[in-house]
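The values are calculated or read from the model by the stated rules, or taken from the named source; none is laboratory data. No experiment lies behind these values; they were computed from the predicted model shown. In this analysis, Cβ positions are derived from the backbone assuming ideal geometry, glycine residues included, and neighbour counts consider all displayed protein chains. In case anyone asks, the SASA skips ligands and DNA or RNA and just uses the protein heavy atoms, side chains included. Shrake-Rupley method; radii C 1.70, N 1.55, O 1.52, S 1.80 Å.
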Number of protein chains: 2
Amino acid sequence: MKYAAVLGYGTVGSGVVEVIETNFDLIAKNAGDAIKVKYIVDIRDFSNDPHADLFVKDFATVEADPEVNVVVETIGGINPAYDFTKRALKAGKSVVTSNKELVATHGAELLALAKENSCNYFFEASVGGGIPIIRPLCQCLAANRVDEVLGILNGTTNYILNRMITGGLTFEAALSEAQEKGYAERNPAADVEGHDACRKICILSALAFGRHVYPDAVVTEGITKVTLEDVAYAENGDMVIKLLGRAKRTEDGKIYAFVGPHLVPKSELISNVNGVFNSVMVRGNAVGDTMFYGRGAGKLPTASAVVADVIDACQHTDCTKYAGWEDTTESILADSNDFVSAYYVRVSGESVRSAVNNAFGEVSFLSRDGAKADECACITAPMSKRELDEKVKILSESCVVYAPMKVLALD
Amino acid sequence: MKYAAVLGYGTVGSGVVEVIETNFDLIAKNAGDAIKVKYIVDIRDFSNDPHADLFVKDFATVEADPEVNVVVETIGGINPAYDFTKRALKAGKSVVTSNKELVATHGAELLALAKENSCNYFFEASVGGGIPIIRPLCQCLAANRVDEVLGILNGTTNYILNRMITGGLTFEAALSEAQEKGYAERNPAADVEGHDACRKICILSALAFGRHVYPDAVVTEGITKVTLEDVAYAENGDMVIKLLGRAKRTEDGKIYAFVGPHLVPKSELISNVNGVFNSVMVRGNAVGDTMFYGRGAGKLPTASAVVADVIDACQHTDCTKYAGWEDTTESILADSNDFVSAYYVRVSGESVRSAVNNAFGEVSFLSRDGAKADECACITAPMSKRELDEKVKILSESCVVYAPMKVLALD
């Protein structure tokens, strides 16, 4: 018998307890040993919960119990999760988490601490919810030099964009709907401003490229500036708008990493990833393009990934499975102003088309029903962000230029 | 340093040698130890090959060399691959393979033999080429009861159907084109009759449901009867025709497993998997639907999966990682005549629509440009294969009924 302790009895934590109980027999078979939840740590009162006898309020109980093999941290946020994780690892207990903020911020340190103490720090659920992506990236694609990782990493924004595209809702209306359905939080900033997707691309980058990438170093743009006009112009170009996190290797071994709304051609499989689903594409130098798809959040899907980690941790109770990644001061990031992409640009003003041509040279104009005479939108030739900014500056002298978006082009 | 021996220097075997050399440093980093190819076993003459000094003609050399940790079997077919695999495992060497025929036929025995000899038998490349699917299914979804697995498991037939759909080529013309491009073999039976997809769904079923499923017990239908008329009717119903391998758990724990062409609604992500790409969907009771996508064949993609297995085998040189599956005489298969599905039925004859209604009751008729007056096609209500066969029998008394196809409905 192996024992787990679950920290935090919220959506994910209670899902973990449920999955471990519901699938007890098959987990025992797959793990080679039965797994039971011995403690649930939560400061709130759960005396009427069916698991009332498992609750403790003090993490020290877990820390001091040599029977506990695995600590499941589903508290979220930095504190007290960071402190509890360090104490668990120092006590030689593996830690499994869905906490992307903690992994993106302190992952390198916690992985090193796990190694020092011959235990493991696993975080399959921190990216893509239930989608198997961390293990496939580390193990199944271990024979590849990874050249690019990109994905729809946030279900809330994907749901909102989807409702704008298929339901004709404005951003504000779609956000309200997502909040009513429980897909978006009351304070939606972490999702709609792109911070959640940013943390996830940081984790994927560290795994794919071997160096910690800190969220504050990644240029991050959310979806708050996307309008129904943009949606209509994209449709006219046979594209949809998706919030993508991207990390791409440069020829000299650095990486571009950024988060932002993109126009994605409908011919790309990822353009069909809808609703709260997530999807991650990985390009390797041997395998080519692969894609992983599934529910990016939710109680049981996230618990599925957490419990897979628990099983793995129970199978490796006295060795460290992954080497982790380096935490160097020298950044692996290339200047994202050098990244070359075609851009979608929407403009309004007098003689708008000639002004656009004057600034950008030849472009492909898009159209939409009900467009005003003084507005236009176009797709530019590929250029660096630096070049784009210069041209936008010229154009802004005579016109209003709305937030440009990159156009995804996978060669 | 760990040593591998590659058996068979064909497309996949030479790809394995290439990937191990090209990505030598990163593989050493990911594996925790450098990996070198020590022998290539092939009876043909490769004296002018850059690797000429590695070639041996007799497998006994590999078998007798205690330095060889992993044997890579990329010969294909049952003989002599079966014999070499058994001898390698008995010598305590892990075996890694892309040989779906051997795994589907003798997998249970070879996994047991690996266990007896504290080594491993890995076959990530046997399903879905480069797509990580075996490990995700066994490890990442280990907390789930798997309820359904289905996929586009054969790139050749997917390419052919795609060319019929987008290029308007007949089956014969699309097959010829696939042969010219090297996507189909001169004798295409294994692909177009569905046998290759059948082997793969057998392997996935064994992994997902824990019992060996023998290919000859799985009802298998290829794509040779699919016509451009069918393609046009499917398009009218907003569907495309795909060859799917499917395995689905019944309520009493048995499974339906079969291979056949399906009409797939365009709203399903899998309908957008085109060309030689493969895709596998797995439905678990916690995670919900997940999908894995990538190149299902080809030198380097397949080698990517094989070398991932080589790395894993080198990291586990004295323990057996997977329990394998049971090989019981009692079949786990349910009678596929009981499987309930809506069907696509194309019919010609006098008073054809009323004959169809007479046999099937209410149906949804489809249309196509240029349809003859005496033909029609429809989607039936859901029914068992047994019921379908009875109704087709009635209809056949007055009409010609072409091969019906299942309509995919994922609830």
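Answer yes if at least one residue in region B:15-28 is of a type in the set (Ser, Thr, Tyr), within 14 Å of chain A (Cβ to nearest Cβ), surrounded by 14 or more Cβ atoms within 10 Å (Cβ to Cβ) and under 31 Å from the mean Cα position of the chain (by Cα), and no otherwise.
So the first thing to find is which residues in region B:15-28 are of a type in the set (Ser, Thr, Tyr), and the list is B:22.
If we keep only those that are within 14 Å of chain A (Cβ to nearest Cβ) too, we end up with B:22.
Filter once more, keeping what is surrounded by 14 or more Cβ atoms within 10 Å (Cβ to Cβ): B:22.
Restricting the remaining residues to those that are under 31 Å from the mean Cα position of the chain (by Cα) gives B:22.
Scanning region B:15-28, I find at least one residue that is of a type in the set (Ser, Thr, Tyr), within 14 Å of chain A (Cβ to nearest Cβ), surrounded by 14 or more Cβ atoms within 10 Å (Cβ to Cβ) and under 31 Å from the mean Cα position of the chain (by Cα), so the answer is yes.
Name the single residue that is farthest from B:ASP230 (Cα to Cα) among those in region B:337-379 being assigned to a loop (DSSP other than H, G, I, E, B) and touching a strand residue (DSSP E or B) at 6+ places or on another chain (Cβ under 6 Å). Steps first, answer last, please.
First pass over region B:337-379, keeping only residues assigned to a loop (DSSP other than H, G, I, E, B): B:339, B:350-351, B:361-363, B:367-374.
Pick out the ones that are also touching a strand residue (DSSP E or B) at 6+ places or on another chain (Cβ under 6 Å) and you get B:339, B:363, B:374.
Values: B:PHE339: 22, B:VAL363: 17, B:ASP374: 15 Å.
The selected residue is B:PHE339.
Is it the case, given these coordinates, that B:ALA125 is within 13 Å of chain A (Cβ to nearest Cβ), in a helix (DSSP H, G or I), aliphatic (A, V, I, L, M) and buried (at least 24 other Cβ atoms within 10 Å of the Cβ)?
Numbers: within 13 Å of chain A (Cβ to nearest Cβ): yes; in a helix (DSSP H, G or I): yes; aliphatic (A, V, I, L, M): yes; buried (at least 24 other Cβ atoms within 10 Å of the Cβ): yes.
Yes: the conditions hold for B:ALA125.
Identify all residues within region A:97-138 that are of a type in the set (S, T, N, Q) and touching a helix residue (DSSP H, G or I) at 6+ places or on another chain (Cβ under 6 Å); write none if there are none.
Initial filter on region A:97-138 (of a type in the set (S, T, N, Q)): A:97-99, A:105, A:117-118, A:120, A:126.
Within region A:97-138, A:SER98, A:ASN99, A:ASN117, A:ASN120, A:SER126 meet the criteria.
Report whether or not A:VAL12 is hydrophobic (A, V, I, L, M, F, W, C), touching a Gly at 6+ places or on another chain (Cβ under 9 Å), at pLDDT 95 or above and within 20 Å of A:SER98 (Cβ to Cβ).
On the way: hydrophobic (A, V, I, L, M, F, W, C): yes; touching a Gly at 6+ places or on another chain (Cβ under 9 Å): yes; at pLDDT 95 or above: yes; within 20 Å of A:SER98 (Cβ to Cβ): yes.
Here the answer is yes, as A:VAL12 does meet what is asked.
List the residue pairs whose Cβ atoms are under 6 Å apart, where the first residue sits in region A:161-187 and is within 21 Å of A:VAL231 (Cα to Cα) and touching a residue at least 12 places away in the same chain (Cβ under 8 Å), the second is in a loop (DSSP other than H, G, I, E, B) and open to solvent by 60 Å² or more (accessible area, probe 1.4 Å), and the two are 6 or more positions apart or on different chains.
Going by the 6 Å Cβ cut-off, the qualifying pairs are A:ASN162/A:ASN274.
Residue by residue through region A:108-142, note down the ones that are in contact with a strand residue (DSSP E or B) (Cβ under 8 Å, 6 or more places away or on another chain) and among the small types (Gly, Ala, Ser).
A:ALA108, A:ALA114, A:ALA125, A:SER126, A:GLY128, A:GLY129, A:GLY130
Looking only at region A:306-329, count every residue that is of a type in the set (A, V, I, L, M) and either more than 7 Å from chain B (Cβ to nearest Cβ) or surrounded by fewer than 18 Cβ atoms within 10 Å (Cβ to Cβ) (or both) and tell me the total.
The initial filter retains those residues of region A:306-329 that are of a type in the set (A, V, I, L, M), namely A:306-308, A:310-311, A:313, A:323.
Next cut, either more than 7 Å from chain B (Cβ to nearest Cβ) or surrounded by fewer than 18 Cβ atoms within 10 Å (Cβ to Cβ) (or both) only: A:306, A:310, A:313, A:323.
The qualifying residues number 4.
Of the residues that make up region B:88-105, is at least one more than 18 Å from B:CYS198 (Cα to Cα), surrounded by fewer than 24 Cβ atoms within 10 Å (Cβ to Cβ) and under 23 Å from the mean Cα position of the chain (by Cα)?
No, region B:88-105 contains no residue that is more than 18 Å from B:CYS198 (Cα to Cα), surrounded by fewer than 24 Cβ atoms within 10 Å (Cβ to Cβ) and under 23 Å from the mean Cα position of the chain (by Cα).
Given (1) open to solvent by less than 50 Å² (accessible area, probe 1.4 Å); (2) under 26 Å from A:GLY284 (Cα atoms), where does B:ALA60 come up short, assuming only one miss?
In the conditions (1) open to solvent by less than 50 Å² (accessible area, probe 1.4 Å); (2) under 26 Å from A:GLY284 (Cα atoms), B:ALA60 misses (2) alone.
Considering each of A:SER267, A:SER271 in turn, give the residue that is facing chain B (nearest Cβ under 10 Å), on the phi < 0 side of the Ramachandran plot, over 18 Å from the mean Cα position of the chain (by Cα) and without any contact (Cβ under 8 Å) to a residue 60 or more places away in the chain. Steps first, answer last, please.
Working: A:SER271 fails: over 18 Å from the mean Cα position of the chain (by Cα).
One residue alone meets the criteria, A:SER267.
Can you pull out every residue in region B:29-41 that is free of Cβ contacts under 8 Å to residues at least 12 places away in the same chain and either within 23 Å of B:ALA52 (Cα to Cα) or more than 8 Å from chain A (Cβ to nearest Cβ) (or both)?
Residues of region B:29-41 that are free of Cβ contacts under 8 Å to residues at least 12 places away in the same chain, as a first pass: B:29.
None - no residue of region B:29-41 is free of Cβ contacts under 8 Å to residues at least 12 places away in the same chain and either within 23 Å of B:ALA52 (Cα to Cα) or more than 8 Å from chain A (Cβ to nearest Cβ) (or both), so the list stays empty.
Taking region A:286-304 as the region of interest, how many residues are touching a strand residue (DSSP E or B) at 6+ places or on another chain (Cβ under 9 Å) and more than 7 Å from every other protein chain (Cβ to nearest Cβ)?
At the first step, the residues of region A:286-304 found to be touching a strand residue (DSSP E or B) at 6+ places or on another chain (Cβ under 9 Å) are A:287-298, A:300-302, A:304.
Cutting the leftovers down to more than 7 Å from every other protein chain (Cβ to nearest Cβ) gives us A:296-298, A:302.
Of the residues in that region, 4 qualify.
Give the residue that is farthest from the other protein chains (Cβ to nearest Cβ), with candidates limited to residues of region B:106-122 that are outside any helix (DSSP H, G or I) and open to solvent by 10 Å² or more (accessible area, probe 1.4 Å). Even if it seems obvious, please write down each step before you answer.
Step one: list which residues in region B:106-122 are outside any helix (DSSP H, G or I), which gives B:117-122.
Now drop any that are not open to solvent by 10 Å² or more (accessible area, probe 1.4 Å), which leaves B:117-118.
On the way: B:ASN117: 18, B:SER118: 15 Å.
Applying the filter and picking the extreme gives B:ASN117.
Can you name the number of the only condition in (1) more than 12 Å from chain A (Cβ to nearest Cβ); (2) modelled with pLDDT under 95 that B:PHE55 fails?
Looking at each condition in turn, B:PHE55 falls short on (2).
Every residue in region B:128-149 that is at the interface with chain A (Cβ under 8 Å from one of its Cβ atoms), buried (at least 24 other Cβ atoms within 10 Å of the Cβ) and not aliphatic (A, V, I, L, M), please.
Hits for region B:128-149 are B:GLY130, B:PRO132, B:PRO136, B:CYS140, B:ASN144.
Quick one: which helices (runs of 4 or more DSSP H) sit completely within region B:163-223 and have at least 3 residues that are open to solvent by 20 Å² or more (accessible area, probe 1.4 Å) and closer than 20 Å to B:LYS248 by Cβ? Don't jump to the end; show me each part of the working.
Details: elements: B:171-180, B:189-192, B:195-209.
Result: B:195-209.
Tell me which residues, restricted to region B:34-55, are open to solvent by less than 30 Å² (accessible area, probe 1.4 Å) and part of a strand (DSSP E or B).
If the condition is that a residue be open to solvent by less than 30 Å² (accessible area, probe 1.4 Å) and part of a strand (DSSP E or B), then B:ILE35, B:VAL37, B:ILE40, B:VAL41 are the ones that fit.
Across region A:376-401, what is the number of residues that are within 16 Å of A:ALA355 (Cβ to Cβ) and either among the aliphatic types (A, V, I, L, M) or surrounded by 18 or more Cβ atoms within 10 Å (Cβ to Cβ) (or both)? Write out each step before concluding.
So the first thing to find is which residues in region A:376-401 are within 16 Å of A:ALA355 (Cβ to Cβ), and the list is A:376-378, A:380, A:388, A:390-401.
Now narrow it down to the ones that are either among the aliphatic types (A, V, I, L, M) or surrounded by 18 or more Cβ atoms within 10 Å (Cβ to Cβ) (or both): A:376-378, A:380, A:388, A:391-392, A:394-395, A:399-401.
Of the residues in region A:376-401, 12 are within 16 Å of A:ALA355 (Cβ to Cβ) and either among the aliphatic types (A, V, I, L, M) or surrounded by 18 or more Cβ atoms within 10 Å (Cβ to Cβ) (or both).
Test A:GLY155 against the criterion of being open to solvent by 10 Å² or more (accessible area, probe 1.4 Å) and within 14 Å of chain B (Cβ to nearest Cβ), and give yes or no.
When the stated conditions are applied, A:GLY155 passes them.
Is region B:96-105 home to any residue that is within 14 Å of chain A (Cβ to nearest Cβ) and aliphatic (A, V, I, L, M)? Can you show your working first?
Within region B:96-105, the first condition is being within 14 Å of chain A (Cβ to nearest Cβ), and the residues that meet it are B:96, B:98.
Of the ones still in play, those that are also aliphatic (A, V, I, L, M) are B:96.
Scanning region B:96-105, I find at least one residue that is within 14 Å of chain A (Cβ to nearest Cβ) and aliphatic (A, V, I, L, M), so the answer is yes.
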